[in-house]
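To start, the structure itself, in structure tokens.
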Amino acid sequence: MARKQSHSEPTENAAPEAAAEPVESTEATPEQSTALERTAEPAASFTEAVHEGIEDARSAAAGFLPAVGKFVHKGVYSGFYYLTYGIVFGSLVIGKLVPANSAVAEGVRDGAKAAKEAFEAQSEARHGAHGSTPDEGLAPT
């Protein structure tokens, strides 16, 4: 018959005893105590979370809006820059193609002079006389 082995006797097939594991304390860690406090007052923690979310949204919006403003400013600036460049450059190229003493050149010169005078008259009317109309200076005389 086989001999009964007691637990205190080592055997050939028995694994070495595992090192004793430390016993966990029953005290709550700081993280656990915070979690316990949160679950103890769910309404208060929910309200705090909502307020924190609102503050986070405000701070994100405060950083986002100036960036959008800069983007819009750059877009508007670039659009008008290239529009003006195209108009002026195109006008200069066409001006070089038109002969100096032709009817076209005289018409462009006289039209530009009349437009400038009408603009100045309209500007003087707005700033000089308070009873003037905004259309003054635009109608041909």
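Figures for the structure shown
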| read-out | value |
| --- | --- |
| Any pair with Cβ under 8 angstrom, 6 or more apart, that starts in the stretch 108-122 at a residue that is modelled with pLDDT under 95 and ends at one that is in a helix (DSSP H, G or I) and of a type outside the set (Phe, Trp, Tyr) | Val108/Gly95 |
| Only listed residue being of a type outside the set (D, E, K, R), surrounded by fewer than 10 Cβ atoms within 10 Å (Cβ to Cβ), out of contact with any strand residue (DSSP E or B) (no Cβ under 7 Å at 6 or more places or on another chain) and assigned to a helix (DSSP H, G or I), chosen from Ala105, Ala49, Ala62 | Ala62 |
| Exclusive hit being assigned to a loop (DSSP other than H, G, I, E, B) and modelled with pLDDT of 80 or more, set Ala20, Ala100 | Ala100 |
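The values are calculated or read from the model by the stated rules, or taken from the named source; none is laboratory data. Note that the structure is predicted; figures quoted are calculated from it, not measured. Heads up, the Cβs are rebuilt from the backbone with ideal geometry, glycines too, and the neighbour counts pull from every protein chain shown.
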